[in-house]
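First comes the structure, then the notes that go with it.
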Amino acid sequence: MVVVALALLIERFDSAVLTLPALVIIGREIVISALREWMAEMGKRGMVAVSWVGKLKTTLQMVSLLILLALPPAHEFALLGIVVLYAAAILTLWSMFQYLKAAWPHLSRSM
């Protein structure tokens, strides 16, 4: 659902400023979804647990999406939504690296 909302916002705002964090978030969702599936196939799904960073990331994503979907692109508070989206994108990268770090010992053994 987040990916669809971000795709709609990319089209609606038609701006590289919004597209960059949106693509970071979408890319991370694809990578982590694939990682979770791979870990599940190896019987290690529980080894990659959700952290507080992931919960904060999700909260910031929801806040930014609420702001950006509710307001027209030219609205003065739309900038707040973009700033929050950038914060979410930074946490998105941090969260992805945490997942990859936790999964790496199991993945390197399966190669």
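The values are calculated or read from the model by the stated rules, or taken from the named source; none is laboratory data. Computed from a predicted structure; not experimentally measured. Don't worry about glycine lacking a Cβ; one is built from the backbone with ideal geometry, like all the others, and counts go over all protein chains shown.
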Practice task
Just give me the residues in region 49-68 being out of contact with any Leu (no Cβ under 7 Å at 6 or more places or on another chain) and either surrounded by 17 or more Cβ atoms within 10 Å (Cβ to Cβ) or farther than 19 Å from residue 94 by Cα (or both), in sequence order.
Solution key: 54, 61, 65, 66
Practice task
Would you check if there is a residue in region 20-36 being of a type in the set (Lys, Arg), assigned to a helix (DSSP H, G or I) and at pLDDT 90 or above?
Solution key: yes
Practice task
Would you mind telling me which numbered condition in (1) loosely packed, with under 15 Cβ neighbours inside 10 Å; (2) free of Cβ contacts under 8 Å to residues at least 12 places away in the same chain residue 71 fails?
Solution key: (1)
Problem - In region 83-111, the residues that are more than 12 Å from the chain's Cα centre (by Cα), modelled with pLDDT of 95 or more and surrounded by 20 or more Cβ atoms within 10 Å (Cβ to Cβ) - result: 84
Handout entry: region 37-57 - residue that is in contact (Cβ under 8 Å) with a residue 40 or more places away in the chain and part of a helix (DSSP H, G or I) and, of those, nearest to the chain's Cα centre (by Cα)
Key = 54
